[in-house]
Amino acid sequence: MDPPFPSPASVPAAPTTPADDRGFYRPAGRVAVLGFLAPGAYELWWLWQLFAFTRRERFPHARAFWWILVPFYGLYVIYQQFDDLKKGLESLSSPVRLSAAGAIWLFIASALAGSASNRGSGLSVLGFFVLSGVFFAAVAFMVQRAGNAYQDARYPGRQRRGMTTGEVIATVIGVIIFGFAILGTVAGG
């Protein structure tokens, strides 16, 4: 006898195909601005989306997001995602190009500037914090633009999406972090 209401186990989930999923398709300018204004939380959320995208597209070096937590190796894994996207663009003969090496160096510069902001004092803290955001915004813009071009070439007619709930939450948390960084600098801490 079947239960009166279907249980989650009895209802098969329809798999999301790369053609149906628009999870990584958003305006590159918005991603860059939010990457700058909402550091930390938005960066992690965006990287989560990048890794989900490379896995959906079945890129050769696609990995789980959690690999970024492994010191040094995590940077290599991020580079592999950038490089797979670059090669994917080239295979689709897209006019947009991505420098995977340039993107990872900017990403590393962002991490180093962020680390320096934790060690400084006074206005240097805020300066390094802002510099870190600028570097990440540049990376996010480059990679998002390339990701959008890849999806335009592979799935023509796809529309960019508005802000998702996850993106809004990451933005709010990141803006709060940025506000505390400014407040801490102004207050002299």
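The values are calculated or read from the model by the stated rules, or taken from the named source; none is laboratory data. These numbers come from a predicted model, not from an experiment. Side chains are part of the model used for accessible areas, which takes the heavy atoms of the whole protein and leaves out ligands, DNA and RNA. Shrake-Rupley method; radii C 1.70, N 1.55, O 1.52, S 1.80 Å.
Per-residue ellipticity at 222 nm for the chain, helices alone: DSSP H runs ≥ 4 residues times -39500 (n - 2.57), over residue total, nearest 500 deg cm²/dmol?
Working: 6 runs with 119 residues, N = 189.
Value at 222 nm, helices only, nearest 500: -21500 deg cm²/dmol.
For THR165, the solvent-accessible surface with a 1.4 Å probe is about 100 Å², rounded to the nearest 10.
Taking all protein chains together and a probe of 1.4 Å, list SER115, SER99 from the most accessible to the least accessible. Please list the in-between numbers first.
Numbers: SER115 40, SER99 60 Å².
In descending accessible area the options line up as SER99, SER115.
Average accessible surface for the chain: 55 Å² per residue, computed with a 1.4 Å probe over protein heavy atoms with every protein chain in place.
What part of the accessible area of the chain, given as a whole %, is carbon or sulfur when the probe is 1.4 angstrom?
On the way: 6950 of 10350 Å².
Carbon and sulfur atoms account for 67 percent of the accessible area of the chain.
The long axis of helix 100-119 is offset from the longest Cα principal axis of the chain by roughly 50 degrees.
Rounded to the nearest 10 degrees, the inclination of helix 73-91 to the longest alpha-carbon principal axis of the chain is 60 degrees. Could you work out how far the C-alpha centroid of segment 115-189 sits from that of segment 23-90, in angstrom? Result: 13 Å between the Cα centres. Computed from Cα positions, the angle between helix 123-154 and the longest principal axis of the chain comes to roughly 20 degrees.
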